[in-house]
Amino acid sequence: MLQLVWFKRDIRLFDHQAIHHAVATGEKVLFMYIAEPSIWQAGDLAKRHFTFMQQSLEDIQQSLRKIGGELYVAIGEMESILDDIYKIYGAFRMHSHYEHGIQPTFDRDLRVKRWMHEHTCLWTEYADFPVVRGKNAPRRRDFLKEWIKEPILAIPQQVFSLSTVPNELTNDLTILESLQVPGEERAIDIRGGEKEGIAYAKRFFEEKYMRYNIDMNKPYVAPSSSSIISPLSDMGKYFVKIFDACGAKAYETFKTDCESIRI
């Protein structure tokens, strides 16, 4: 059975539960990101967010190719893309992290859940942050205690990617530029991408953390001592668990984990 990994706000390979479980099946895996107009044109996101996401996709495409994978993208609504995949492969299993974004993403997930049920396909969601939404979501404080104990997952050494995909999907990421997203194109100080997240985190632990508590509330000097990884963490590029501890122990753990990252 085809295994599908759906990237949303988790565009990375390191410590990625959806990738880990999809690859562990030994089946071929379709890695994809769908730029949905209903999400990007809802008014909550701007052009600079989209640029950040594009940079992150470019980064992960390079990393996937090193281990035998391929990233495919499309512009459209998720249910329509699932229809196209179903026509070729029949029933499949989809892996993704729980969404923790804006209301349109919640509404979209409800529609996708109905689609998966109607087509007898299995969708497994994993917690990427200590936040799980829904009526049956666990208490955040209790869930955080267990979630933070979960092991850090290494990047797979090899994946088996598809050779044939629906015409609506492509590995040419430049097609995403045709999607009209509100807002002006603005230069930002931080690039998207897993490699960038690792670099910024290293710089914080090696240089900036010593004055963080002193400078964090001073507008003129805060940028020089802050980690500046908030966009990377929020967009899922770097995992929050690594920053759970403090001080030297956190940094030693971080350095050990980074040595295992093959990116």
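The values are calculated or read from the model by the stated rules, or taken from the named source; none is laboratory data. Keep in mind the model is a prediction, meaning the values are calculated, not measured. With ideal geometry, Cβ positions are generated from the backbone for all residues, glycine too; neighbour counts draw on all protein chains shown. Quick note on the areas: whole protein, heavy atoms, side chains included, nothing else; ligands and nucleic acids left out. Shrake-Rupley method; radii C 1.70, N 1.55, O 1.52, S 1.80 Å.
Some values worked out for this structure:
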{"read-out": "Count of residues meeting criterion [open to solvent by less than 30 Å² (accessible area, probe 1.4 Å), outside any helix (DSSP H, G or I) and at pLDDT below 95] in segment 36-62", "value": "1"}
{"read-out": "Every pair of residues 6+ apart whose Cβ atoms lie under 6 Å, when the first sits in segment 8-19 and is more than 22 Å from Ile102 (Cα to Cα) while the second is modelled with pLDDT of 90 or more and not hydroxyl-bearing (Ser, Thr, Tyr)", "value": "Ile19/Val5"}
{"read-out": "Positions within segment 205-224 being at pLDDT below 70 and aromatic (Phe, Trp, Tyr), in sequence order", "value": "Tyr209"}
{"read-out": "Subset of segment 66-80 (residues that are open to solvent by 10 Å² or more (accessible area, probe 1.4 Å), within 19 Å of Lys8 (Cα to Cα) and not acidic (Asp, Glu))", "value": "Tyr72, Ile75, Gly76, Ser80"}
{"read-out": "Inter-residue pairs, beta-carbon under 8 Å, first part of a helix (DSSP H, G or I) and in segment 63-81, second surrounded by fewer than 20 Cβ atoms within 10 Å (Cβ to Cβ) and hydroxyl-bearing (Ser, Thr, Tyr), 6+ apart", "value": "Leu64/Ser161"}
{"read-out": "Breaking point among (1) closer than 24 Å to Thr174 by Cβ; (2) open to solvent by less than 20 Å² (accessible area, probe 1.4 Å); (3) part of a strand (DSSP E or B), for His95", "value": "(1)"}
{"read-out": "Residues being within 14 Å of His16 (Cα to Cα) and open to solvent by 80 Å² or more (accessible area, probe 1.4 Å) - total across segment 148-173", "value": "2"}
{"read-out": "Of all residues in segment 103-147 being at pLDDT below 90, open to solvent by 50 Å² or more (accessible area, probe 1.4 Å) and part of a loop (DSSP other than H, G, I, E, B), the one that is nearest to His20 (Cα to Cα)", "value": "Val131"}
{"read-out": "Matching residues in segment 15-35 - criterion: being open to solvent by 10 Å² or more (accessible area, probe 1.4 Å) and outside any helix (DSSP H, G or I)", "value": "Thr25, Gly26, Glu27, Lys28, Tyr33"}
{"read-out": "Only one of Thr174, Thr164 that is in a helix (DSSP H, G or I), among the polar types (S, T, N, Q) and modelled with pLDDT of 80 or more", "value": "Thr174"}
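One line per residue, one yes/no per condition, for (1) in contact with a strand residue (DSSP E or B) (Cβ under 9 Å, 6 or more places away or on another chain); (2) closer than 20 Å to Val181 by Cα:
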| residue | (1), (2) |
| --- | --- |
| Met78 | yes, yes |
| Lys87 | no, no |
| Phe92 | yes, no |
| Ser96 | yes, no |
| Glu99 | yes, no |
| Thr105 | no, yes |
| Arg108 | no, yes |
| Val112 | yes, no |
| Met116 | yes, no |
